[in-house]
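Data first, discussion second: the structure below is written as structure tokens.
Every number here is computed from the coordinates shown, using simple stated rules; none is lab data. Since we're looking at a predicted model, the values are computed, not measured. Methodologically, a virtual Cβ is constructed for each residue, glycine included, from the backbone with ideal geometry; neighbour enumeration extends over all protein chains shown.
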Number of protein chains: 2
Amino acid sequence: MSACDTDPGPSQELVADVFARGCTSRATLEDIGSKWAQLALLALGEGGYRFNALRRRVEGVSEKMLSQTLQTLERDGLVTRDVVSAIPPRVEYALTPLGEQVAGRLRELADLLERSVPQVTAARAAYDSRG
Amino acid sequence: MSACDTDPGPSQELVADVFARGCTSRATLEDIGSKWAQLALLALGEGGYRFNALRRRVEGVSEKMLSQTLQTLERDGLVTRDVVSAIPPRVEYALTPLGEQVAGRLRELADLLERSVPQVTAARAAYDSRG
């Protein structure tokens, strides 16, 4: 069940399409694209984190926003949440195999943008000077 | 000028870091991640579009949101806006070379999510059934 609006292809299977309203892939792309989800996935791409450490890594996120973001990513099957029995109990977050794949692609995008800062900065200055 | 908060590396150059508040790369990642920006970049990855055709391709976007999204992407140097002299004049949007690179990476992410719809759907059902 893919919940996509696209017409069935010749195989009569529904074809997933991020452009189709109501397609799960479009909703997932939106979940991943949110500012905090992107950074949480990139951080978890570095390894597992406890909640508070993750919150420090994702600079500027509120406890509530990080918590909501992680719930969304867990529901989409990208992040696991494990309660480790200890005193006090610890909650640890990590990526699922699908989450690893998503985070890898986000890392490539982030690398490109980090390399492109001078270009983006110049484009912004040119745009702004046009008034 | 990269506007990043990170400490200068040994070379004394500022190092871009998407995790750093105030880093242009973090802001650009956020611009790109917005729902409509992702879809507009993916659409323009297929070729140039006039405004109204792009609006039809990015199903569900309002005129105002698409217009704001394109302005943001133009300012970041990812999209060009050309007014073609004709009667009536046409406005055409296309990707810059940097925009092509960004759109290519987004397309890889979208392909992954389109392939993963059954997995995400199953994960959501399992999560929701936990109540």
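Observations, loosely collected:
- Residues with amide H under 5 Å from that of residue B:80, placed H, sequence gap 5 or more: B:94, B:95, B:96
- For residue A:50, nonlocal amide neighbours, meaning residues 5 or more places apart or on other chains whose placed amide H falls under 5 Å from its own, are A:93.
- Shown in residue order for the stretch A:74-81 are the 3J(HN,Hα) couplings computed by the Karplus curve 6.51 cos²θ - 1.76 cosθ + 1.60 at θ = phi - 60°: 5, 4, 6, x, 9, 10, 10, 10 Hz (x for Gly and Pro).
- The mean number of partner chain beta-carbon atoms within 10 angstrom of a residue's beta-carbon across peptide A:121-130 is 4.
- Centre separation in Å (Cα based) which lies between the stretch A:81-131 and the stretch B:39-92: 26
- Neighbours of residue B:27 by Cβ distance under 10 Å: Lys/Arg scored +1, Asp/Glu scored -1, total +1.
- Between the beta carbons of residue A:129 and residue A:51, assuming R0 = 45 Å, the FRET efficiency works out to 0.55 to the nearest 0.05.
- Each Cα pair under 8 Å and six or more residues apart adds its sequence gap; the mean of these over the residue count of chain B is a relative contact order of 18 percent.
- Restricting the GluC sites (Glu not before Pro) of the stretch B:38-131 to loop positions (DSSP other than H, G, I, E, B) with no more than 13 neighbouring Cβ atoms within 10 Å leaves B:46.
- Semi-axes of the equivalent ellipsoid of the protein assembly as shown are 32, 27, 13 Å, computed as sqrt(5λ) over the eigenvalues of the C-alpha gyration tensor in descending order.
- Taking the charge dipole of the stretch B:27-131 about its Cα centre, with +1 at Lys and Arg Cβ atoms and -1 at Asp and Glu Cβ atoms, the residue from B:109, B:37, B:61 reaching farthest to the positive side is B:61.
- Net charge of neighbours whose Cβ lies under 15 Å from the Cβ of residue A:62, counting Lys and Arg as +1 and Asp and Glu as -1: +4
- Chain B's nearest residue to the axis relating it to A, judged by Cβ and reported with the distance in whole Å, is B:33, 2.
- Residues residue A:62 and residue B:62, FRET efficiency given R0 of 25 Å [Cβ-Cβ distance, rounded to 0.05]: 0.30
- Counting every pair of alpha carbons in chain A, the share spaced more than 17 Å apart comes to 67 percent.
- For peptide A:40-52, the mean count of partner chain Cβ atoms within 10 Å of a residue's Cβ comes to 0.
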